[in-house]
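Have a look at the structure below before the remarks.
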Amino acid sequence: MSRIAPTLAALKAGGRKALIPYVTAGFPEAEITPELMHAMAGAGADIIELGIPFSDPMADGPVIQRAGEKALALGVGLAQVLEMVRTFRRSDDRTPVVLMGYANPVERYDLRHGEGAFIRDAAQAGVDGVLIVDYPPEECEGFAARLRSAGLDLIFLLAPTSTDERMRQVARLASGYVYYVSLKGVTGAGHLDTAAVERMLPRIRAQVSVPVGVGFGIRDPETARAIARVADAVVIGTRLIQVIEEQPRDQVLPAAAAFLGGIRRALDA
């Protein structure tokens, strides 16, 4: 069993909402990621989403694309991402970690290391869940079953365009939580319509039994708090990456922690 469900259940029992920051592994420097993960956990992150760098990230806007390109230029691939998780786990065995990325790096990893190597190595590294953007539910039943057998959750995206039938398909396989993409478009695009999120979440909950996190477009404490009124978790990626890329090396950790600390206080207020 992964750490995700117990973490979310404990938060719910305490009347609190989950803060889930996203960072690209290997950005802004390859060796900084485990330190950054610790800083985020210390600032109040309940679950950490760690992006696997990829050359063609179809769902990501320019900010996260730049972060991925820099990480790739530094030689960061899936093997290095798993090593970062192992390093983090040496001193944090509590905070759930979700790998978020695309099918290509996962399938290439298995081609290089043997069938099933990704799930085996992710579980051994201390990963709790996986979100593969371009694995639709109808094409990954076997993958979901193998993850469950290894004690990992498979997390899916839902969107404003998702039909009730698509939600039911996701509900059959999803565990941990589902990630509702609140905007039509890529990460960091558009203006968050909190009223539209409020209307959509009851539809999702009518089909899906796991907690619902909301991301895309959450940029500050005010929008985070507004979303937390109706969602179980708030996911923040693009704005956090922007904060990080604006800093000199010695200010990355305190700046990221300060930003997330403000979000944490808003969620708990």
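Please treat every number below as a calculation from the coordinates, not as lab data. Quantities reported herein were computed from a predicted structural model and do not represent experimental measurements. Cβ placement follows ideal geometry from the backbone for every residue including glycine, while neighbour counts extend to all protein chains displayed.
Some observations on this one:
- Hypothetical label at ARG90: residues of the range 22-39 whose amide nitrogen lies under 12 Å (7 Å Cα-Cβ projection): 34-35
- Dipole moment magnitude, nearest 20 debye, the chain about Cα centre, only Lys, Arg, Asp, Glu C-beta charged: 760
- Charge tally for LEU11 (other residues, Cβ to Cβ under 10 Å; Lys, Arg +1; Asp, Glu -1): +1.
- With K and R counted +1 and D and E -1, the other residues having a Cβ less than 12 Å from that of VAL98 yield a net charge of -3.
- Packing, taken as the mean count of other beta carbons within 10 Å per residue, orders the peptides 64-74, 233-243, 121-131, 162-172 from highest to lowest as 233-243, 121-131, 64-74, 162-172.
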